[in-house]
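Here the structure comes first, spelled out in structure tokens, and everything after it is commentary.
The values are calculated or read from the model by the stated rules, or taken from the named source; none is laboratory data. If you're wondering where the values come from, they're calculated on a predicted model, not measured in any experiment. With ideal geometry, Cβ positions are generated from the backbone for all residues, glycine too; neighbour counts draw on all protein chains shown.
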Amino acid sequence: MGKPNGSVHKDGFQFMVDQQSLMGFPWISMYGTDPNVPTTFSRENFEAAMLHVIREPNINSTAILRADILYEDHYELEDGKPALKESHREKFDLSDTDAKRINVDEDTPRETFLPQDLNLFAKYSIVRRILPRNPYKDAVINQTCLVMNSTDPEFKETSAIIYHPHLDSSDICPFYIPHVKQVAILFHKQRITVHYIPFEEVKNNEVPELLKDESQRVVRTAYRLLQTAYKHSRGVMTGYEKKVNHDVVVDKVKFQDQYINLKKKYSKFLVENWAESTDPKKHVFEDISIAAFLIELWIKIYGPDFKNKMQFRDLGCGNGVLVYILVSEGIKGYGIDARHRKSWSIFPQDTKNCLKEQVIIPSILLRPHPDIKKQYPHLEHNGRLFPMKVAHEYIAPATIVYSSEDLLKSPQVNIAEFPSDTFIIGNHSDELTCWIPLLGYPFMVIPCCSHNLSGNRTRFNVRKGVNNGINGNSSYAGLVDHVEDISTKLGWKIEKEMLRIPSTRNAAVISYENQDMGKFPTASAYDVLLAEGGADNWIQNTMTLMKGHPRSH
Ligand SMILES: C[S@@+](CC[C@H](N)C(=O)[O-])C[C@H]1O[C@@H](n2cnc3c(N)ncnc32)[C@H](O)[C@@H]1O
């Protein structure tokens, strides 16, 4: 059982089910902020926060994908009377979702019950369509959202937010919204209170038993709504803007629609046939997101027929899931990794053909410097020797020396010289992360663990005065900044996006514009290599990733 009625929580929030609702009949008051501590934020702060939550309902529930705004009217008071300022109607196509749809054609706002004494009018009248993240489980619904102010100057600091889902019975109410007919969040006299109208009829102001029990989900939801309203209003007041760059490079709606499309096609197979010991859910949905993002990015860069204009290379592709999705979508390309993975065996043959077990040794480390090549055009390699210590169960420790000539010829080595229409993906590709901008092809890097060009673990500092929106001066923030720094020095025009993936390492550094494209390795590539302290141990370090050592033919 929950706490008795009227209980006060640690944060000072009060369970108010025993008190008459300020919203009047048939509203029931649920929770309010501490009555003894007036909030310090203003009505404007509260409204800005709530309008944000109305447009981004996924803030309140992870089961929600997004809201499409179908109807929006904006009124302001003129001579004490509400006057229409702006009106907006939008139609969204629902043909691409199989989800159950509840009253999705009803796009005029529904009415509500209002307190007599506050003289409220709808400043914003919005109808949003809520799309669930899992269209198989939850229904799409339309919901009226009202942002109300008072025409009475005495209550000019009062604001009420009303949510009215277009439903008439609790049986069809989806899981992701509170199971009540309407919700009100009231900002009045520097206090926020949350109120419900239950589905069942309220007789003689009697509170239904369910709403008296704080352990019930619907009651806990009221508490959470209060927490969100309070936290976000304070956030607006203190000027806190989430320093993230979501949906900058690729349009959110296009990305989400593509995500749903790919999820429907591939998630079941991938989760059911998962061959690794890691959590399939995390990897599968992460790679589906990345694939959706890449496809939309490529449409943006190369146009709708991008499949005829580019091919990808996923460097350090690991389990190959991303390659499987992209190849199955008819996109040309390969995944390359030093180590074959169990998962590779579950994929259809056309994907298997596109997964290569090779160690990547960028050709800049093996080929002659361009100035030398000018003088001696016949030279194919730089003549360097790379000693490798080897130890094996059956033989004594020994040193094998590989020449750059051996490595250039070895089928187990990939020198990252690709066709000119290549786009490189470096998804958490660890040792390869900082190398990718140096290879000379358009790319998307999603940094994770920090390594230098020798493949040694390294911590980079965020450059002075740079705020890349990632937590302070962490090793991760340093790595993201370093990839940006290297890229810029090489002439890449950088775009950045915080990907919508279930990983905290979600920053993507993207570039597809460089005046020197096609001319790599440029002089600045050699300069960067030098400035980074060279890459002397790269070959030794990365070859240890392979099971066997490379051989020539
Ligand atoms: C952290 S895993 C990421 C795998 C995959 N991209 C993902 O996100 O699940 C990094 C991968 O990079 C590969 N790798 C690192 N350096 C490499 C190199 N020089 N050549 C080939 N693969 C390399 C590793 O074998 C490893 O599978």
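Looking at the range 343-368, I want the residues that are without any contact (Cβ under 8 Å) to a residue 24 or more places away in the chain and have a partner that is within 13 Å of the ligand (Cβ to nearest atom) with Cβ atoms under 7 Å, at least 6 apart or on another chain. Which pairs are those?
Final answer for the pair search is LYS352/TRP344.
Does the range 255-274 contain at least one residue that is over 28 Å from GLY320 (Cβ atoms), among the hydrophobic types (A, V, I, L, M, F, W, C) and in a helix (DSSP H, G or I)?
no
So PRO82 clears everything in (1) surrounded by fewer than 18 Cβ atoms within 10 Å (Cβ to Cβ); (2) in a loop (DSSP other than H, G, I, E, B) except one condition, right? Which one?
(2)
List, please: which pairs have Cβ atoms under 6 Å, are six or more places apart or on different chains, and start with a residue in the range 260-277 that is among the aliphatic types (A, V, I, L, M) and end with one that is loosely packed, with under 14 Cβ neighbours inside 10 Å?
ALA275/LYS342
Please tell me if VAL271 is exposed (fewer than 15 other Cβ atoms within 10 Å of the Cβ) and touching a helix residue (DSSP H, G or I) at 6+ places or on another chain (Cβ under 6 Å).
Answer is yes for this residue.
Taking only pairs six or more apart or across chains, which ones have beta-carbon atoms under 9 Å, a first residue in the range 397-414 that is free of Cβ contacts under 8 Å to residues at least 60 places away in the same chain and loosely packed, with under 13 Cβ neighbours inside 10 Å, and a second residue that is assigned to a strand (DSSP E or B) and among the basic types (Lys, Arg)?
Filtered contacts from the range 397-414: PRO397/LYS389; ALA398/LYS389; THR399/LYS389.
Go through the range 307-321 and count every residue that is farther than 16 Å from PHE347 by Cβ, part of a loop (DSSP other than H, G, I, E, B) and touching a Leu at 6+ places or on another chain (Cβ under 8 Å).
Final tally of qualifying residues: 1.
For the range 510-527, give me the residue count where each residue is at pLDDT below 95 and in contact with a strand residue (DSSP E or B) (Cβ under 7 Å, 6 or more places away or on another chain).
0
ASN319 passes all but one of (1) under 16 Å from ASP430 (Cα atoms); (2) among the polar types (S, T, N, Q); (3) more than 15 Å from the ligand (Cβ to nearest atom); which number fails?
(3)
Per-residue answers, yes or no, for (1) without any contact (Cβ under 8 Å) to a residue 60 or more places away in the chain; (2) in contact with an Asp or Glu (Cβ under 9 Å, 6 or more places away or on another chain):
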residue: ILE177; (1), (2): no, no
residue: GLN182; (1), (2): no, no
residue: LYS189; (1), (2): no, yes
residue: GLU200; (1), (2): yes, no
residue: VAL218; (1), (2): yes, no
residue: LEU226; (1), (2): no, no
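Output the number of the condition that ASP138 fails; it satisfies all remaining conditions of (1) in a loop (DSSP other than H, G, I, E, B); (2) in contact (Cβ under 8 Å) with a residue 12 or more places away in the chain; (3) surrounded by fewer than 17 Cβ atoms within 10 Å (Cβ to Cβ).
(3)
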